[in-house]
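Some notes on the structure that comes next.
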């Protein structure tokens with residue numbers, strides 16, 4: 001049996017550093033979204049090149065994971081710009097969405113769309 005080589009982006013290592021088995025499961029999940037694709041699509045939404053609703057519909061099955069990634073991304077931005085009120089507001093909104101996403105019967109696409117629409121505030 002041949003061992004499979006798994007590679008992770010530095011951001012994923014930082015996010016899942018205390019959960020190596022969760023990181024391994026994430027890297028082995030070929031059906032779910034990958035972090036590099038998430039970052040690219042997130043940048044396209046912020047720049048206005050991609051529709052937030054389209055991404056929300058595509059990501060709704062993995063809403064919890066993607067909100068966690070988004071929360072991490074916003075916190076990294078906040079470390080660089082700690083006095084940015086827009087970032088504070090977006091972090092708070094993302095945290096609230098992350099707690100709501102596990103509620104049964106919730107329209108996850110609508111929740112994600114609301115959060116993604118708010119990201120256009122980051123456009124320079």
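Worth pointing out:
- The listed residue being in a helix (DSSP H, G or I) and exposed (fewer than 14 other Cβ atoms within 10 Å of the Cβ), out of 116, 110: 110
- Unmet requirement for residue 68, which otherwise passes all of (1) assigned to a helix (DSSP H, G or I); (2) surrounded by fewer than 15 Cβ atoms within 10 Å (Cβ to Cβ): (2)
- Which listed residue, of 107, 57, 113, is farther than 22 Å from residue 15 by Cα and in contact (Cβ under 8 Å) with a residue 60 or more places away in the chain: 113
- Among the residues of the range 23-39, those that are surrounded by 12 or more Cβ atoms within 10 Å (Cβ to Cβ) and assigned to a helix (DSSP H, G or I) comprise 23, 24, 25, 26, 27, 35, 38, 39.
- Some residue of the range 43-50 being in contact with a helix residue (DSSP H, G or I) (Cβ under 6 Å, 6 or more places away or on another chain), part of a loop (DSSP other than H, G, I, E, B), free of Cβ contacts under 8 Å to residues at least 24 places away in the same chain and closer than 20 Å to residue 121 by Cβ: yes
- Residues in the range 94-104 that are surrounded by fewer than 16 Cβ atoms within 10 Å (Cβ to Cβ) and touching a residue at least 12 places away in the same chain (Cβ under 8 Å) were compared, and the one that is nearest to residue 39 (Cα to Cα) is 95.
Condition check ((1) surrounded by 14 or more Cβ atoms within 10 Å (Cβ to Cβ); (2) within 17 Å of residue 120 (Cα to Cα)) across all residues:
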residue	(1), (2)
57	yes, no
61	yes, no
80	no, no
90	yes, yes
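Rule-based calculations on the coordinates, nothing more; no lab input. Predicted, not measured: the structure shown is a model, and the values here were computed from it. Ideal geometry is used to build each Cβ from the backbone, glycine not excepted, and the neighbour counts take in all protein chains shown.
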